[in-house]
1. Name the residue, out of A:SER66, A:SER55, that is in a strand (DSSP E or B), surrounded by 14 or more Cβ atoms within 10 Å (Cβ to Cβ) and over 14 Å from the mean Cα position of the chain (by Cα).
2. Across the stretch B:60-101, which residue is farthest from B:SER12 (Cα to Cα) among those that are β-branched (Val, Ile, Thr) and within 14 Å of another protein chain (Cβ to nearest Cβ)?
3. Given the criteria within 14 Å of another protein chain (Cβ to nearest Cβ) and within 25 Å of A:PHE45 (Cα to Cα), does B:GLU6 qualify?
4. For the stretch B:41-59, give me each residue that is more than 18 Å from B:TYR87 (Cβ to Cβ) and either within 12 Å of chain A (Cβ to nearest Cβ) or of a type outside the set (Lys, Arg) (or both).
5. Inside the stretch B:20-70, counting only strands (runs of 3 or more DSSP E) that do not spill past its ends, which hold 3 or more residues that are among the polar types (S, T, N, Q), farther than 18 Å from B:VAL109 by Cβ and touching a residue at least 60 places away in the same chain (Cβ under 8 Å)?
6. Look through A:LEU30, A:LEU21, A:LEU39 and report the one residue that is within 14 Å of chain B (Cβ to nearest Cβ), closer than 11 Å to A:TYR90 by Cβ and either among the polar types (S, T, N, Q) or in contact (Cβ under 8 Å) with a residue 40 or more places away in the chain (or both).
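Read-outs: derived from the displayed coordinates by stated rules, not from any lab. Everything quoted here is computed from the prediction, not taken from an experiment. Glycine gets a Cβ as well: all are built from the backbone with ideal geometry, and neighbour counts include every protein chain shown.
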Amino acid sequence: EPEVTQTPSHQVTQMGQEVILRCVPISNHLYFYWYRQILGQKVEFLVSFYNNEISEKSEIFDDQFSVERPDGSNFTLKIRSTKLEDSAMYFCASSEGAGELFFGEGSRLTVL
Amino acid sequence: SQQGEEDPQALSIQEGENATMNCSYKTSINNLQWYRQNSGRGLVHLILIRSNEREKHSGRLRVTLDTSKKSSSLLITASRAADTASYFCATDPTNDYKLSFGAGTTVTVRA
């Protein structure tokens, strides 16, 4: 069964460093998303991406964040200068359209 | 906020019992979805109910939707230890496509 894959599964970084989280969405999906979940808390929307551009972003998704689809398969989230409060699980998801989202297993980011 | 809010926050039941959790939301929606998350894992889609539907079944899951009250419920019948997880409702609002999740209900099924 097709699935969304994310790498790395866990990344530890120093505050102020740049981090890139990678996702391979399901191949025929057209919509891509990043969500994050701080430990034990709710799943928060960060950004949605369609047709090679951001379609919606939340207030969390400030200038420190960017997304890119550098080729036909990868979808990346970059955090330019990490802060302690960026520590969370970051989930990538994809969908064909409106409806069910397919999530990856997440990338745990720990900022020290 | 358009996010769904689940109730209760946590639920502990005996294997074989039913588990019911509720979700309330604030704005008009295209559909409402329920997801499950095992500890430390990704979210898995369980069921989607459209705004013009009132009830939907999938295996041991039963979902209701009351758009007049802006609420939904998820019922898991004959629960099993493997149903232990967090359950989230997510709303798809009519004015954009941004699935918004609530804080979840943590269900523990005791063997």
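1. A:SER55
2. Checking each candidate, the answer is B:THR94.
3. yes
4. B:ARG50, B:SER51, B:ASN52, B:GLU53 - these are the residues of the stretch B:41-59 that are more than 18 Å from B:TYR87 (Cβ to Cβ) and either within 12 Å of chain A (Cβ to nearest Cβ) or of a type outside the set (Lys, Arg) (or both).
5. B:29-37
6. When all the criteria are applied, what remains is A:LEU21.
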